[in-house]
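Asker: A single structure is presented below for examination.
The values are calculated or read from the model by the stated rules, or taken from the named source; none is laboratory data. Keep in mind it's a predicted model, so treat the numbers as computed, not measured. Positions of Cβ are backbone-derived with ideal geometry, glycine not excepted, and every protein chain shown enters the neighbour counts.
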Amino acid sequence: MRRLRSIAVVLAMFAAGATGVWAAGEKIEIPDRDWSWNGPLGSFDRAELQRGLQVYTEVCASCHSLRLLAYRNLAALGYGEEEIKAYAANYEVEDGPNDQGEMFLRAAIPSDRFVPPFANEQAARAANNGAYPPDLSLMTKARKNGANYVFALLTGYQDEPPEGFQLMDGMYYNKVFPGHQIAMAPPLFEDGVEYADGTEATVERMAADTTAFLAWAAEPELEDRKSMGIWVLSVLAILFVMTVAVKRQVWSDVH
């Protein structure tokens, strides 16, 4: 897999950190989307997840971390061992101490967790005008209707606020963000990435791919859990049929 480049963008926070409050009695409707993983038989689209990883790497990773995800987890997206090693090697992690008792930097390996973009919270805030970009590992679970909200947020920017709306300096108008003022600049633009599989990189496509990837990152065991649930229900159904059959056989002489 080719080395993915990082593109610096001015980001702040998805779920918090923007000033502004809800208008009195305001209720923002978040449209529902038919995600591939919805429902008891739903599953993730591997091509979509790989595109989402690319958008995260090129757009989001310069400010947002994925602390709960390890590089080896990318095998679930369809990547081979060598591809994962090559991807991880783009980043450095602190290790040690060595024989001299000193810490040192080395290339990341598959067992390492995703390397965060900043060394600590203070460094992150200093680079983002005081805002702290949240970790995205559980972003789709952090809010009710999480996947739909993330997609709506990524596609909800407007170049100009509605007439009469007072937008504060350094803020951006987003129609679904509480208060409609968000410190995160619009991260997605038409053809903002060049997809490795040749897919047209529209804002909606990139938003959907990113949302799918973050949904998987939040629940990488989702498909296994669904498979286990189906297996358990199948076993229970068989046991129920067998129980009914045995009951009828036992009580057949009584009738």
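Asker: If only one of 106, 125, 72 is surrounded by 14 or more Cβ atoms within 10 Å (Cβ to Cβ) and without any contact (Cβ under 8 Å) to a residue 24 or more places away in the chain, which one is it? Let's see the steps before the verdict.
Answerer: Working: 106 fails: surrounded by 14 or more Cβ atoms within 10 Å (Cβ to Cβ); 72 fails: without any contact (Cβ under 8 Å) to a residue 24 or more places away in the chain.
Exactly one residue qualifies, and that residue is 125.
Listed here are the residues, each with its yes/no results for (1) of a type outside the set (S, T, N, Q); (2) surrounded by 11 or more Cβ atoms within 10 Å (Cβ to Cβ).
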| site | (1), (2) |
| --- | --- |
| 199 | no, yes |
| 230 | yes, yes |
| 234 | no, no |
| 240 | yes, no |
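Asker: While we're here: Quick check, is residue 133 surrounded by fewer than 22 Cβ atoms within 10 Å (Cβ to Cβ) and outside any helix (DSSP H, G or I)?
Answerer: no
Asker: Do we have residue 211 as assigned to a loop (DSSP other than H, G, I, E, B), among the hydroxyl-bearing types (Ser, Thr, Tyr) and either modelled with pLDDT of 95 or more or outside the structural domain of residue 159 (by TED's automatic domain parsing) (or both) here? Write out each step before concluding.
Answerer: Details: assigned to a loop (DSSP other than H, G, I, E, B): no; among the hydroxyl-bearing types (Ser, Thr, Tyr): yes; either modelled with pLDDT of 95 or more or outside the structural domain of residue 159 (by TED's automatic domain parsing) (or both): yes.
In short, no.
Asker: Quick one: which residue in 206, 171 is touching a strand residue (DSSP E or B) at 6+ places or on another chain (Cβ under 9 Å) and crowded, with 18+ Cβ neighbours inside 10 Å?
Answerer: 171
Asker: I'd like the full set of residues that are within 23 Å of residue 148 (Cα to Cα) and charged (D, E, K, R), limited to the range 197-253.
Answerer: Matches in the range 197-253: 200, 204, 205, 209, 219, 221, 223, 224, 225, 226.
Asker: Okay, next question. Can you tell me which residue in the range 140-157 is farthest from residue 59 (Cα to Cα), limited to those that are modelled with pLDDT of 95 or more and assigned to a loop (DSSP other than H, G, I, E, B)?
Answerer: Once the filter is applied, the top-ranked residue is 156.
Asker: Run residue 156 past the list (1) closer than 28 Å to residue 39 by Cα; (2) in contact (Cβ under 8 Å) with a residue 40 or more places away in the chain; (3) touching a strand residue (DSSP E or B) at 6+ places or on another chain (Cβ under 7 Å) and report the number of the one that doesn't hold.
Answerer: (2)
Asker: So which residues in the range 210-255 are over 23 Å from the mean Cα position of the chain (by Cα) and under 30 Å from residue 49 (Cα atoms), if there are any at all?
Answerer: The first filter runs over the range 210-255 and keeps only residues over 23 Å from the mean Cα position of the chain (by Cα), leaving 228-255.
Those that are over 23 Å from the mean Cα position of the chain (by Cα) and under 30 Å from residue 49 (Cα atoms): 228, 229, 230, 231, 232, 233, 234.
Asker: For the list (1) assigned to a helix (DSSP H, G or I); (2) free of Cβ contacts under 8 Å to residues at least 60 places away in the same chain, I need the number of the one condition that residue 206 fails.
Answerer: The number of the failed condition is (2).
Asker: Among 66, 49, which is modelled with pLDDT of 95 or more, buried (at least 19 other Cβ atoms within 10 Å of the Cβ), at negative phi and out of contact with any strand residue (DSSP E or B) (no Cβ under 9 Å at 6 or more places or on another chain)? Lay out the reasoning, then the answer.
Answerer: Details: 66 fails: out of contact with any strand residue (DSSP E or B) (no Cβ under 9 Å at 6 or more places or on another chain).
Exactly one of 66, 49 is modelled with pLDDT of 95 or more, buried (at least 19 other Cβ atoms within 10 Å of the Cβ), at negative phi and out of contact with any strand residue (DSSP E or B) (no Cβ under 9 Å at 6 or more places or on another chain), namely 49.
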